[in-house]
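The values are calculated or read from the model by the stated rules, or taken from the named source; none is laboratory data. Since we're looking at a predicted model, the values are computed, not measured. Please note: Cβ atoms are built from the backbone with ideal geometry, for glycine as well, and neighbour counts cover all protein chains shown. Surface areas here come from the heavy atoms of the whole protein model, side chains and all, with no ligands, DNA or RNA. Shrake-Rupley method; radii C 1.70, N 1.55, O 1.52, S 1.80 Å.
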Number of protein chains: 2
Amino acid sequence: MNILIGQSGGPTPVINASLAGMISKALSQKEIQHIYGAIHGIEGFLEDKYIDLASIMTQEALERLKITPGAYLGSCRYQLPSDLSDPIYPKIFEKFAKLNIGIFLYNGGNDSMDTVSKLSTYAKEHHIDVKCIGIPKTVDNDLMMTDHCPGFASNAKFIANQLQNIIVDTQSYHKPTLTIVEIMGRHTGWLAASSALARMPYSFNPFYIYLPEKAFDLEQFLADIQAALKKQTNLVVCISEGIKDKEGKFISEYASAKTEDSFGHKYLAGAGKFLEDYIRSTLGIKVRSIELNLPQRCSSQFLSKTDLEEAFAVGEYGVEKALEGKTGQMVVIQRLQSFPYQTELGLADVHQICNQEKFVLDTMIHPAGNDITQEFIDYCTPLIQGEVSLPYKNGLVDYLYRDHH
Amino acid sequence: MNILIGQSGGPTPVINASLAGMISKALSQKEIQHIYGAIHGIEGFLEDKYIDLASIMTQEALERLKITPGAYLGSCRYQLPSDLSDPIYPKIFEKFAKLNIGIFLYNGGNDSMDTVSKLSTYAKEHHIDVKCIGIPKTVDNDLMMTDHCPGFASNAKFIANQLQNIIVDTQSYHKPTLTIVEIMGRHTGWLAASSALARMPYSFNPFYIYLPEKAFDLEQFLADIQAALKKQTNLVVCISEGIKDKEGKFISEYASAKTEDSFGHKYLAGAGKFLEDYIRSTLGIKVRSIELNLPQRCSSQFLSKTDLEEAFAVGEYGVEKALEGKTGQMVVIQRLQSFPYQTELGLADVHQICNQEKFVLDTMIHPAGNDITQEFIDYCTPLIQGEVSLPYKNGLVDYLYRDHH
């Protein structure tokens with residue numbers, strides 16, 4: 001019997017650690033002969049793009065794979081049709097049969113769990129013995145039924161540490177300045193909230209944190225900034241990219257309404273950029289906006305050891321449970337306690353997870369809507385613990401590259 | 001006899017390593033009683049803002065100071081008047097006399113060297129025995145007479161590694177995309193050039209690198225991108241923030257010409273954002289621009305050990321040479337050979353350094369103007385060697401904070 005692994009959705013700093021966990025566990029199982037990796041997820045697999053991983057994954061390669069960002073196998077954003085009588089389903093399972101696939105493991109977020117849900121349902125309905133298991137992965141931390149998602153913690157650690165760096169840097173000057181840091185999170189504020197972990201002695205920064213979960217009011221923001229400048233000269237505030245007003249309009253849309261450049265092209269800017277211009281022209285102080293952007297989700301230099309180990313473990317666990325006959329499930333992390341941090345792995349019904357979003361809990365958000373509470377700090381702090389020593393070669397991290405040619 | 005140290009201009013990841021080098025050397029000298037640190041450079045000193053460093057700088061504090069980004073003492077952007085008969089000069093030297101300052105060390109870039117130049121000239125003309133020495137510091141690497149500047153290498157290492165991260169991440173998908181990475185450097189392209197060190201097997205990325213030293217042509221850029229997309233699906237190109245056309249107009253000014261947001265505020269965007277919109281609307285492909293922004297110059301997580309050690313050493317050397325009676329000089333790094341890397345420290349006339357800029361050499365830039373040459377690779381590679389192990393506490397780097405209250 002063979003196993004097929006796919007990666008799907010946006011990469012995380014530990015997506016390949018889960019892949020390494022799956023490969024590592026599968027390599028140790030006598031009943032598994034081939035470990036196939038789908039290139040660019042189910043989309044690439046439909047075009048017969050896959051590789052045999054067992055032959056190339058030495059112990060040394062697995063160690064390098066673990067700390068390599070980006071989807072090693074290649075990812076996709078691809079949704080299977082809702083109608084299970086669509087001809088794509090028999091096509092997929094014929095390909096599975098041809099390769100003698102008994103286990104299909106899909107590593108991804110909400111959309112990817114939808115694929116697991118549909119394939120497992122189809123298999124069950126047609127009495128096909130292919131176990132389908134979802135392996136959670138998302139920097140956004142928005143998957144239901146799990147305490148948190150592998151990928152979130154390393155991203156949170158990036159944000160907390162980069163915020164600390166930015167705060168330290170902005171304190172170098174003694175002129176009133178505002179620095180707005182825009183953090184990933186179109187619908188949920190988990191990542192922006194993690195900036196709170198950067199609060200250190202001798203500074204209130206980040207002074208405010210605005211999440212998409214609470215309506216954003218431009219006038220209130222201005223009032224907040226004016227109040228804060230009385231206490232903190234070098235002000236740093238954090239926003240989620242997806243903050244929106246009480247009508248549900250994204251603040252980033254305020255900017256793009258009628259802006260175009262000198263060539264007549266429509267302008268796409270972020271919420272941070274808009275607020276930068278707004279405060280500069282209103283208060284006349286120096287304002288800078290920083291979009292943490294892509295590096296958030298691909299910087300191995302900020303890996304949380306806790307996250308890395310959990311990502312590897314959920315991969316291993318997925319293989320183990322599939323071998324026990326489980327299907328239509330996603331691996332979840334259950335927190336037993338925070339201090340000292342203790343968790344156990346489990347399974348949850350993937351059909352109840354897919355296409356849903358978990359928002360930052362109300363009790364984790366300050367009633368004023370511009371900060372988080374201690375409950376979030378207690379939730380997030382254990383997750384960013386532990387550092388990972390990286391293999392460097394000639395000044396660059398020695399990542400594992402797949403031959404794309 | 002006492003010593004006064006100041007930090008000036010933009011911070012670097014190793015600005016405090018030079019400070020630690022100066023303190024460390026001064027602590028070991030019997031003839032030095034007090035080590036004063038000017039708060040916010042010469043500007044703060046004029047307002048009698050300074051602290052006594054000897055008492056707080058234990059060996060443990062010095063080790064943490066070394067890896068702390070941002071200007072520990074606080075920085076300033078302040079230029080002394082050209083007219084040496086201005087009353088500010090006797091005022092400064094009266095303050096020096098009151099504190100029994102025999103040595104003034106100023107850590108900064110071009111503008112800060114101007115301060116060293118003026119104060120040393122004034123002291124000489126008025127037969128005042130205060131030795132004034134400049135300690136080089138700039139991420140821009142644009143100081144004359146020195147092979148390179150402390151701060152540049154750690155920034156270059158940040159850029160090379162973040163580019164590698166971004167390249168790995170963008171390869172996760174197989175749709176044609178362009179990622180434009182905007183890198184610090186208003187006038188010189190040293191930092192943008194260092195992105196070339198990220199070139200790895202299985203990818204041509206960063207495919208192009210555009211520097212301010214060569215005129216940027218929008219039509220040529222479009223042609224470049226079209227040619228590259230035939231060879232590389234996930235294209236990554238790097239630009240200096242300061243790229244300009246043959247008339248000397250900044251590309252970033254193309255964007256701000258007539259853009260304003262829905263509130264009527266003038267829009268300030270970068271060159272990367274402008275080019276993102278330009279290519280998206282012209283070629284219709286997915287385009288993203290990333291401004292590496294402030295984290296470039298304040299991320300200890302990308303410290304070059306070579307840079308850190310050199311920054312410490314130039315600080316020590318400055319104290320040593322001042323004690324030998326040198327003045328009106330800046331410490332310089334002379335490269336003896338690149339492989340294996342070997343340097344020695346020396347002094348150069350600060351009057352010939354201040355207010356000038358060193359551009360990327362013509363022989364380091366590809367004649368097509370969209371890449372660098374092997375000469376730059378050979379120049380830069382030795383500088384980013386060696387990693388620094390950071391002290392972490394609770395998931396964050398344990399920086400040394402100065403009490404601002």
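What the table below lists for this structure:
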{"item": "Three-way shape label, segment B:215-358, alpha-carbon gyration tensor, a/c 1.5", "result": "prolate"}
{"item": "Computed Rg/Rh of segment A:32-179, alpha carbon atoms with Kirkwood Rh", "result": "1.12"}
{"item": "Cleavage-rule hits, GluC sites (Glu not before Pro), segment B:338-381, DSSP coil, Cβ neighbours within 10 Å at most 16", "result": "B:357"}
{"item": "With DNA, RNA and ligands ignored, accessible area of residue B:202 (1.4 Å probe; Å², nearest 10)", "result": "80 Å²"}
{"item": "Nearest-10 value in Å² for the accessible area of residue B:204, using the 1.4 Å probe", "result": "110 Å²"}
{"item": "Charged-residue dipole, Cβ positions (Lys, Arg, Asp, Glu), chain B about Cα centre, Debye nearest 20", "result": "660 debye"}
{"item": "In segment B:152-247, the trypsin sites (Lys or Arg not before Pro) that fall in loop regions by DSSP, at most 15 other Cβ within 10 Å", "result": "B:186, B:230, B:231, B:246"}
{"item": "Expected 222 nm ellipticity per residue - DSSP helices of 4 or more, -39500 (n - 2.57), all of chain B, to 500", "result": "-10000 deg cm²/dmol"}
{"item": "Positions from segment B:37-54 whose accessible area shrinks by 50 Å² or more when the full protein complex is built, not the chain alone, probe 1.4 Å", "result": "B:40"}
{"item": "Quotient of Cα Rg and 2.2 N^0.38 Å for chain A, N being how many residues it contains", "result": "1.05"}
{"item": "Occluded residues from segment A:368-405, i.e. those whose accessible area drops by 50 Å² or more once the chain is not alone (1.4 Å probe)", "result": "A:387, A:392, A:394, A:395, A:396, A:401, A:404"}
{"item": "Over segment A:308-360, volume per residue of the alpha carbon convex hull, in Å³", "result": "103 Å³"}
{"item": "Rounded Å value of the spacing that divides the Cα centres of segment B:359-404 and segment B:70-109", "result": "30 Å"}
{"item": "Interface B:A - total buried accessible surface [probe 1.4 Å, Å², rounded to 100]", "result": "7200 Å²"}
{"item": "Chain B - percent of accessible surface contributed by carbon and sulfur, probe 1.4 Å", "result": "50 percent"}
{"item": "Three-way shape call for segment A:1-52 based on the alpha-carbon gyration tensor, with the a/c threshold at 1.5", "result": "oblate"}
{"item": "Relative contact order, percent, segment B:1-118 [alpha-carbon distance under 8 Å, six or more residues apart]", "result": "42 percent"}
{"item": "Relative contact order computed over chain B (Cα-Cα under 8 Å; 6+ residues apart), in percent", "result": "22 percent"}
{"item": "Among B:275, A:170, A:53 the positive-end extreme of the charge dipole of the protein assembly as shown (Cβ point charges)", "result": "A:53"}
{"item": "Residue-level accessible surface for residue B:390, protein heavy atoms, 1.4 Å, Å²", "result": "30 Å²"}
{"item": "Antiparallel bridge percentage (DSSP; both residues within chain A; nearest 5)", "result": "35 percent"}
{"item": "Net length gained if the chain between residue B:335 and residue B:83 were fully extended (0.36 nm per residue, minus Cα distance)", "result": "87.1 nm"}
{"item": "Convex hull volume of the protein assembly as shown per residue (C-alpha atoms, cubic angstrom)", "result": "164 Å³"}
{"item": "Segment B:1-160, accessible area per residue, ligands and nucleic acids excluded (1.4 Å, Å²)", "result": "32 Å²"}
